[in-house]
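What follows is one structure encoded as structure tokens, with my remarks underneath.
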Amino acid sequence: MSLSTHGIFETLVIIHIITGTVGLISVWIPIAGKKGGGLHRQAGTIFVISMLTTGLVATGIAITTLADPVATHPHLSNHELFANSQMIAGIFGWMMLYLATLTINLAWHGWLCMKNKRDHHKNAAWHNLVMQFVLVATSANCFLRGVELAQPMMMGIALVGFATVGTNLWFIYRQPTSPKTRIKEHIKSLVGAGISVYTAFFAFGAVRFVPEIALTPGLWAIPLVTGLVLIIYHQRAVMSPSRSVQPT
């Protein structure tokens, strides 16, 4: 791999860590704080921007990894779990690309849910529909690569992408029955983006320090279970008869 490509990869990793860290921290302000207030909106905007940036940068990381898997991950070249370039390309290329598009999809869709609160039909804008198609493509690719590499983790995580597209389209083409419907979708998408970036940081971060546990299902389950609990809790709170809808 040329020095310039290596430099691009390392630069992207640094940017990815910085923007991802901003997202990892800022997501908790809307989750734990007062809903609908100025702080909620400001922190939410920072989170969405950081997630979109992190996803775009992760796409670049995935592409450079696919261009030269071994050179971008020399610390794994002698490890038994990642002993060949196909495995490195599968985990850090194709699966990274899938997680990047998942994060971008969820962040953008979650932002649109609130931006278009008075014009629901605008959620069917071409760019949002294109992102659903892209996520289906990267999800299918991740699943098939997992089959080729005999990696159940890749196959399992890819199913989240299919479920995301299904629920997104259900919301887009179904007229909301109340303002609470869009708020539930907003919660699902943005907390889902948080799950995606936490999953990536947990898993890919572990590879750099303890490669043996990088593909352990329990490690991947921590952010997923935590996020699902938060989604269910906040959606139930929103739908409570005693809960009024805050202007946002």
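Each value in this text was obtained by applying a stated rule to the coordinates, not by laboratory testing. Source: prediction; values computed, not measured. FYI the Cβ positions are ideal-geometry reconstructions off the backbone, even for glycines, and counts take in every protein chain you see.
If you filter the range 1-74 for trypsin sites (Lys or Arg not before Pro), then keep DSSP loop positions with at most 11 other Cβ within 10 Å, what is left?
Sites meeting the loop and neighbour criteria: Lys34.
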Once fully extended, how much extra length lies between Met155 and Ile29, figured as 0.36 nm per residue of separation less the alpha-carbon to alpha-carbon distance?
42.1 nm
Trp111, Trp170, Trp28, Trp94 arranged by Cβ crowding within 10 Å, fewest neighbours leading:
Trp170, Trp28, Trp111, Trp94
So which trypsin sites (Lys or Arg not before Pro) in the range 81-125 are both in a DSSP loop and have at most 12 other Cβ atoms within 10 Å of their Cβ?
Arg118
Shape descriptor, the range 3-239: equivalent ellipsoid semi-axes (Cα gyration tensor, sqrt 5λ, whole Å, largest first) stand at 32, 18, 17
Quick one: if the Förster radius is 22 Å, what FRET efficiency do Leu129 and Thr177 give, using the C-beta to C-beta distance and rounding to 0.05?
0.50
Rounded to whole angstrom, the alpha-carbon centroid of the range 89-167 lies from that of the range 1-63 at a distance of 17 Å
Label-point separation, Leu39 to Ile222 (7 Å along Cα→Cβ), nm:
2.7 nm
